[in-house]
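Chemist: Quick one: the structure is below, and I'll ask about it shortly.
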Amino acid sequence: MAKVMMVASEAAPFAKTGGLADVLGALPAALVRQGLSASVVMPKYRGIHPDGIELVLADMPVWINNFRHRTDIWRAYREGVTFYFVDAPWFYDRGGFYSSYGNDYMDNHLRFAVLSLAALGVARQIEHPDILHSHDWQAALVPIYAKSWFGNDPRLAAMKHIFTIHNLGYQGRFGKPALGELGLDGSQFHMGELEFFGDLNLMKGAIIKADFVTTVSPTYAHEIQTPEHGFGLDGLLQERSGKLTGILNGVDYAEWDPETDKYLPANYNAAELEGKAKCKRAVLETFGFGAEAHGRPLIGVVSRFAEQKGFDLLHPIGDALKKEDVTVVALGSGEPHYEWIFHDLATRHHDNFRVWHGYNNGLAHLIEAGADMFLMPSRYEPCGLNQIYSLKYGTPPVVRATGGLDDTIEESTGFKFGEYSPSALLGALRYALQCWRDQKAWHERMRLGMSKDFSWDRSAAEYAALYRHVLGD
Ligand code: ADP
Ligand code: GLC
């Protein structure tokens with residue numbers, strides 16, 4: 001059976017800022033259940049020191065431009081998956097994974113070059129995988145270095161490369177000097193390889209160098225081939241469409257199931273929904289609402305606050321929603337503009353809107369459970385996981401019909417709107433609120449959503465089939 005090694009910048013439970021970590025925390029274990037062997041290589045960020053971790057390779061050199069970067073390789077096992085942690089304190093022992101106080105670290109290209117080269121070292125010296133599966137721009141240098149530097153190394157040249165795009169909005173684009181800093185050859189700096197409007201574009205390079213490219217939902221795989229969602233790479237992706245496919249993410253129900261969720265004050269399932277009312281009370285108390293909010297419909301948001309997520313649509317309809325007598329609670333952090341939007345709504349309509357700025361996993365679970373409906377008005381959404389969690393928690397999602405949101409939500413389980421406009425969002429929310437008032441039909445809708453199965457096993461089987469395909473089995 002195939003042996004796959006994944007490379008990524010985050011994986012739950014060790015380091016997480018978004019859905020990428022959820023995927024790396026669950027997909028490898030699901031592949032192991034399919035009979036494959038799976039490992040993950042990621043940075044040893046500050047504070048990562050899981051039980052049983054051991055040093056397996058001390059002082060593995062990573063050479064860039066005749067400069068020797070020291071890395072120590074640590075190993076731990078989890079659910080049948082081998083995790084390798086690249087220890088390079090100079091690069092990873094910092095306060096944030098990618099940035100500090102909203103500013104990206106200036107040396108991110110080098111930080112993730114070291115990750116990629118260390119992963120190739122682990123592949124060559126320890127793991128010997130058949131497949132190297134890299135995720136997002138932070139691991140894009142894996143196929144780039146493998147094919148440009150190690151094409152003649154028989155151990156590495158035999159390995160096939162899969163590259164997964166979790167978000168085309170973040171391409172790893174750096175000014176031209178980064179090319180030399182990464183030790184890459186100027187002859188690769190042209191439109192057909194690493195160059196993109198005068199800059200270095202790592203994701204573009206990986207799309208070209210990988211044997212197969214995947215993204216995280218079938219609809220997003222189509223959308224990224226259009227100018228609207230292609231972020232300038234739509235032409236290239238169209239050309240590569242024969243080697244591009246969309247595989248929908250799954251959900252780790254060991255983490256996200258209201259029946260067993262350890263973050264909830266009361267558990268529940270489709271047959272016994274009483275616990276959900278307790279969760280709602282807990283959410284309202286957490287956000288400081290009084291008795292007046294208990295009978296009102298509660299709309300939940302858990303999100304990175306980024307342009308992608310569409311919250312600029314919510315801002316202009318604050319007054320209208322207040323008139324609908326709803327409660328809205330939001331948990332998130334990110335770009336100052338979107339933090340400000342929620343802050344402004346919470347200031348102007350304090351009786352109806354509240355926000356919790358920051359990252360809080362327990363509260364994310366509680367909101368999924370306690371809200372009556374869940375809001376994701378994304379401008380684009382490669383897959384999206386929270387709407388799938390919402391189905392399981394009996395919290396019908398209101399989503400914009402784009403990417404994975406369109407693929408996972410049906411009219412019978414949630415609410416979709418198409419046009420990217422505040423009025424379309426308001427229309428969808430008004431319709432959802434009207435449906436909520438018929439509690440009997442609402443409970444049927446909840447139960448239908450709760451019965452849907454998006455477990456990882458189906459997606460893992462699709463990845464396993466893709467690996468077989470690229471290996472020519
Ligand atoms: P994205 O990866 O684009 O942020 P996804 O829907 O795929 O979107 O995944 C987001 C993941 O991050 C979910 O597991 C969600 O619960 C979690 N998350 C997002 N923001 C927060 C936050 N502020 N606190 C806790 N968890 C969060
Ligand atoms: C990205 C996308 C999100 C997706 C996640 C995991 O962060 O924005 O839609 O669910 O990756 O694939």
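Chemist: Please count how many residues of segment 204-220 are assigned to a helix (DSSP H, G or I) and within 16 Å of ligand 2 (Cβ to nearest atom). It would help to see each step written out before you state the result.
Modeler: Here is the first cut: in segment 204-220, the residues assigned to a helix (DSSP H, G or I) are 204-209, 218-220.
After this cut, where a residue has to be within 16 Å of ligand 2 (Cβ to nearest atom) as well, the list is 206, 218-220.
Result for segment 204-220: 4.
Chemist: Cβ contacts < 6 Å: first residue within 16 Å of ligand 2 (Cβ to nearest atom), restricted to segment 147-167; second residue of a type in the set (G, A, S), any location; separation 6+ or different chain. Result?
Modeler: F163/S134; F163/A206; F163/A210
Chemist: Before we move on, is R46 out of contact with any Asp or Glu (no Cβ under 6 Å at 6 or more places or on another chain), among the basic types (K, R) and either more than 21 Å from L182 (Cα to Cα) or not assigned by TED's automatic domain parsing to the domain that holds G334 (or both)? So that I can check it myself, show each step before the final result.
Modeler: Numbers: out of contact with any Asp or Glu (no Cβ under 6 Å at 6 or more places or on another chain): no; among the basic types (K, R): yes; either more than 21 Å from L182 (Cα to Cα) or not assigned by TED's automatic domain parsing to the domain that holds G334 (or both): yes.
Criteria not met by R46.
Chemist: While we're on this one: I'd like to verify a number: residues in segment 328-370 that are in a strand (DSSP E or B), within 17 Å of the chain's Cα centre (by Cα) and either touching a residue at least 40 places away in the same chain (Cβ under 8 Å) or buried (at least 22 other Cβ atoms within 10 Å of the Cβ) (or both), how many?
Modeler: Of the residues in that region, 2 qualify.
Chemist: Restricting to segment 418-427, name every residue that is over 22 Å from A221 (Cβ atoms) and either surrounded by fewer than 21 Cβ atoms within 10 Å (Cβ to Cβ) or among the hydroxyl-bearing types (S, T, Y) (or both).
Modeler: From segment 418-427, those over 22 Å from A221 (Cβ atoms) are 419, 421-427; that's our starting set.
Result: E419, S421, P422, S423, A424, L426, G427.
Chemist: Kindly indicate whether L141 is under 20 Å from A21 (Cα atoms), crowded, with 20+ Cβ neighbours inside 10 Å and hydrophobic (A, V, I, L, M, F, W, C). Lay out the reasoning, then the answer.
Modeler: Values: under 20 Å from A21 (Cα atoms): yes; crowded, with 20+ Cβ neighbours inside 10 Å: yes; hydrophobic (A, V, I, L, M, F, W, C): yes.
Judged against the criteria, L141 is a match.
Chemist: Without any contact (Cβ under 8 Å) to a residue 60 or more places away in the chain, part of a loop (DSSP other than H, G, I, E, B), among the charged types (D, E, K, R) and in the same structural domain as L31 (by TED's automatic domain parsing), is that true of E259?
Modeler: Details: without any contact (Cβ under 8 Å) to a residue 60 or more places away in the chain: yes; part of a loop (DSSP other than H, G, I, E, B): yes; among the charged types (D, E, K, R): yes; in the same structural domain as L31 (by TED's automatic domain parsing): no.
So E259 does not fit the description; no.
Chemist: Also, quick follow-up: Got at least one residue in segment 150-160 being within 29 Å of A306 (Cα to Cα) and either in contact with a helix residue (DSSP H, G or I) (Cβ under 7 Å, 6 or more places away or on another chain) or in a helix (DSSP H, G or I) (or both)?
Modeler: Of segment 150-160, the ones within 29 Å of A306 (Cα to Cα) are none.
Within segment 150-160 (the criterion being within 29 Å of A306 (Cα to Cα) and either in contact with a helix residue (DSSP H, G or I) (Cβ under 7 Å, 6 or more places away or on another chain) or in a helix (DSSP H, G or I) (or both)), the answer is no, since none of the residues qualifies.
Chemist: Going through segment 145-174 one residue at a time, which ones are closer than 18 Å to Y467 by Cβ and away from ligand 1 (no atom under 16 Å from the Cβ)?
Modeler: A146, L156, A157, A158, M159, K160, H161, I162, F163 - these are the residues of segment 145-174 that are closer than 18 Å to Y467 by Cβ and away from ligand 1 (no atom under 16 Å from the Cβ).
Chemist: While we're here: Collect the residues in segment 87-120 that are of a type in the set (A, V, I, L, M, F, W, C) and under 17 Å from L20 (Cβ atoms), keeping them in residue-number order. Can you show your working first?
Modeler: Taking segment 87-120 first, the residues of a type in the set (A, V, I, L, M, F, W, C) are 88, 90-91, 97, 106, 110, 112-115, 117-120.
Across segment 87-120, the qualifying residues are F97, F112, L115, A119.
Chemist: Against the condition touching a residue at least 24 places away in the same chain (Cβ under 8 Å), within 30 Å of P227 (Cβ to Cβ), within 16 Å of ligand 2 (Cβ to nearest atom) and touching a Ser or Thr at 6+ places or on another chain (Cβ under 9 Å), how does P377 come out, does it pass?
Modeler: Values: touching a residue at least 24 places away in the same chain (Cβ under 8 Å): yes; within 30 Å of P227 (Cβ to Cβ): yes; within 16 Å of ligand 2 (Cβ to nearest atom): yes; touching a Ser or Thr at 6+ places or on another chain (Cβ under 9 Å): no.
Considered against the rule, which asks whether it is touching a residue at least 24 places away in the same chain (Cβ under 8 Å), within 30 Å of P227 (Cβ to Cβ), within 16 Å of ligand 2 (Cβ to nearest atom) and touching a Ser or Thr at 6+ places or on another chain (Cβ under 9 Å), P377 comes out as no.
Chemist: List every residue pair whose Cβ atoms lie under 8 Å apart, where the two residues are 6 or more positions apart in sequence or sit on different chains, the first residue falls within segment 80-103 and is without any contact (Cβ under 8 Å) to a residue 24 or more places away in the chain, and the second residue, located anywhere, is in a loop (DSSP other than H, G, I, E, B) and of a type in the set (K, R).
Modeler: Final answer for the pair search is S100/R94.
Chemist: Can you tell me which residues in segment 126-141 are more than 16 Å from ligand 1 (Cβ to nearest atom) and either more than 18 Å from S37 (Cβ to Cβ) or not assigned by TED's automatic domain parsing to the domain that holds G242 (or both)? Break it down into steps so the answer makes sense when it comes.
Modeler: First pass over segment 126-141, keeping only residues more than 16 Å from ligand 1 (Cβ to nearest atom): 126-134, 140-141.
Of everything in segment 126-141, those that are more than 16 Å from ligand 1 (Cβ to nearest atom) and either more than 18 Å from S37 (Cβ to Cβ) or not assigned by TED's automatic domain parsing to the domain that holds G242 (or both) turn out to be A140, L141.
Chemist: Right, something else. Say we look at segment 320-369 and pick out the residues that are within 15 Å of ligand 1 (Cβ to nearest atom) and of a type in the set (F, W, Y); which of these is modelled with the lowest pLDDT?
Modeler: Ranking the qualifying residues of segment 320-369, first place goes to Y359.
Chemist: Also: Is it the case that segment 25-43 has a residue that's out of contact with any Phe, Trp or Tyr (no Cβ under 9 Å at 6 or more places or on another chain), under 20 Å from Y145 (Cβ atoms) and either at pLDDT 95 or above or of a type outside the set (S, T, Y) (or both)? Steps first, answer last, please.
Modeler: Just the residues of segment 25-43 that are out of contact with any Phe, Trp or Tyr (no Cβ under 9 Å at 6 or more places or on another chain), to begin with: 32, 35, 37-38.
Checking the rest, the ones that are also under 20 Å from Y145 (Cβ atoms) come to none.
No; the residues of segment 25-43 include none that is out of contact with any Phe, Trp or Tyr (no Cβ under 9 Å at 6 or more places or on another chain), under 20 Å from Y145 (Cβ atoms) and either at pLDDT 95 or above or of a type outside the set (S, T, Y) (or both).
Chemist: I want to confirm something. Restricting to segment 381-406 and keeping residues that are in a loop (DSSP other than H, G, I, E, B) and more than 10 Å from ligand 1 (Cβ to nearest atom), which single residue is nearest to Y253 (Cα to Cα)? Explain how you work it out, then say what you get.
Modeler: Our first condition is that a residue be in a loop (DSSP other than H, G, I, E, B); within segment 381-406, this holds for 381-385, 393-396, 401-402.
Among the residues that remain, those that are also more than 10 Å from ligand 1 (Cβ to nearest atom) are: 393-396, 401-402.
Values: Y393: 11, G394: 14, T395: 16, P396: 17, A401: 24, T402: 24 Å.
Selected residue: Y393.
Chemist: Does R445 meet the test of being within 24 Å of H229 (Cβ to Cβ) and touching a helix residue (DSSP H, G or I) at 6+ places or on another chain (Cβ under 8 Å)? Can you show your working first?
Modeler: Details: within 24 Å of H229 (Cβ to Cβ): no; touching a helix residue (DSSP H, G or I) at 6+ places or on another chain (Cβ under 8 Å): yes.
Judged against the criteria, R445 is not a match.
Chemist: Now for a separate question. Could you run through segment 1-15 and say how many residues are farther than 17 Å from I165 by Cβ, modelled with pLDDT of 95 or more and not small (G, A, S)?
Modeler: Looking only at that region, the number is 5.
The values are calculated or read from the model by the stated rules, or taken from the named source; none is laboratory data. Because the structure is predicted, anything quoted here is derived from the model rather than measured. Heads up, the Cβs are rebuilt from the backbone with ideal geometry, glycines too, and the neighbour counts pull from every protein chain shown.
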